[in-house]
Every structure is written in C-alpha cells, then in structure tokens.
Amino acid sequence: MTEPVGTGTARSARPSPRVAARQADARRRILQAARVVVAEQGFAAAQIAVVADMADVATGTIYRHFPSKASLFSEMLRAVCVRELEVVRAITGEPGRRATDRLGDAVATFVDRALRGEGLAYAVIVEPMDPEVDQVRLDARAELAAAFADLITEGVEAGEFPEQDAGVRGAAIVGAFLEGVVAPLAGRTAHAPDRDAVSTEIARFAQTGVAGTPPGTRPDIRAVPSPTGAEP
C-alpha cells in the first residue's frame, strides 16, 4: 500500500518522547534562569549569554526555543504574571466571605509577595521594557483590574459597597498597590521594608476607597510561595 505523500516526513519530524522530554526540560531551565537573571540584573542588563550559562545550555539552544530576547523575557514575564493573577483570583473568589475582607486579603497578599520578590518584582513593576515585553505587563495589569472589578461588582450587588464604577475602582486599586510598593522595593538594599506594615496599609487604603469606611479587621496575608521561587 502506498503511503500518502508527506506522511513519512511529518512522522519523522515529530520528536521521540525522550527528545521531547529533553526539550521541555531545557525550556523549563531557560525560563527559570531568565527569572533569576532578571531578578539580579533587571531586564535591560539581562543578557542571553548569561541566561544560557545559568541554564547550562548553548546560546543557540535558547534561540531554538525563543526567536528573540524579547520573546524569551515575554514568556518568562507571562508565567510570573499568570501565577500572581491566580493567587489574587483564588482569594477574591473565596465563597462565604465578605467582599471587603477578600479585597483586603488579596491586596495584602499581592503586596507581600511583591516585597518578597525583591529584584524580580522591581523589574516587573518598575523597569522600562521592550514593547513586546511591556505588552505582557499591560495585559496582566488589565486582568488584575478586571479581577478586582468583578469583586467590587459582587460587593455592590450584595449591598456591601455603595454604587460605584467597578471598572474604574478596580483599575485604581491596581494602580495604587503597584505604585505603593515602588519606594519600599527601590530602597530595599538600604532598609528592608516592613512587609506586614506596608501590606496592611495599602490593603486598608484599597478597602476604604471601595467600601467608604475603614475596615474593622486586619487583612490576612496568605502564605504562598514567593514569586522568585521555583514555581513558574
């Protein structure tokens, strides 16, 4: 029986399970190395050669996985942002709790994780980036704003919050806590920030801005892995 044209080529081009596993492991190590290099040097100073050395791969291997430096750092940043968004959504979506408390806990936890993230967080939040990389950051901020807008809408519908534009307030909350961590992160080498105090202050600011009155309880900072840890 004659084999259809192109079938053999497609089959031979598909990597074996062993090769595919090696490629996946190399990609994972490259992305993890990129996180470490950016945390230590920032986006502007980060070099592909340094990432390759840390990942124990050839520079050409990186370009087989990522066509450009911007592509590599975009993918790395996307993984970081997705994880932070997952943490926020897990808290804002908790059932059976007041919207005010979930709002405060989500903000406090994000701020605490950012302060623990140190150099990586500073690079992600503050540093100028290549337009391709910066678009990932802008998209992540928009998704964070949407998560808080959904929570505010829920609180308004439940009668817990006064009538307000949830989209505007959600974006304002994100802008406030991102700006609020800049000074503590910038001065971290001279003076370690009081994470609990900073997280609580920013969370209470966000709660008051939405609910109209100061919260009666302290926000709960969740014990989740640091953004500079091994997880993507």
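No lab work stands behind these numbers, since they all come straight from the coordinates. Owing to the predicted nature of the structure, the values given are computational and were not obtained by experimental measurement. No Cβ is skipped: glycine too gets one built from the backbone with ideal geometry, and neighbour counts run over all protein chains shown.
Before moving on, here are some points about what is shown:
- Each residue in D130, D105 was given a count of other beta-carbon atoms within 10 angstrom of its own, and listing them fewest first yields D130, D105.
- Cut-off 15 Å between beta-carbons: net charge of the residues surrounding A192, Lys and Arg +1, Asp and Glu -1: -1
- Projecting label points 7 angstrom from Cα along Cα→Cβ for E143 and R222 puts them 1.5 nm apart.
- Local net charge near E163, Cβ-Cβ under 14 Å (Lys/Arg +1, Asp/Glu -1): -3
- Each Lys and Arg adds +1 at its Cβ and each Asp and Glu adds -1 at its Cβ; summed about the Cα centre, the chain shows a dipole of about 920 debye.
- For F161, residues with placed amide H under 5 Å, excluding near neighbours: V156
- Across region 7-69 the C-alpha pair distances fall into 5 Å bins from zero in the proportions 3, 18, 24, 20, 13, 8, 7, 4, 2, 1 percent.
- Taking amide hydrogens as placed 1.01 Å from N in the peptide plane, the amide H of R222 sits under 5 Å from those of T109, each at least 5 positions away in sequence or on another chain.
- Reported value for region 126-232: 136 Å³ per residue, from the convex hull of its C-alpha atoms.
- Rg and Dmax of the chain, both derived from C-alpha coordinates alone, stand at 21.3, 79 Å.
- Order of M129, M54, M76 under a 10 Å beta carbon neighbour criterion, fewest first: M54, M129, M76
- Look at the dipole of the chain built from charges on Cβ: of A171, A211, V51, the Cα furthest out on the positive end belongs to V51.
- Across region 135-149, rounded Karplus estimates of 3J(HN,Hα) from the backbone phi angles (6.51 cos²θ - 1.76 cosθ + 1.60, θ = phi - 60°) give 5, 4, 4, 4, 5, 5, 5, 5, 5, 4, 4, 5, 4, 6, 4 Hz, Gly and Pro being marked x.
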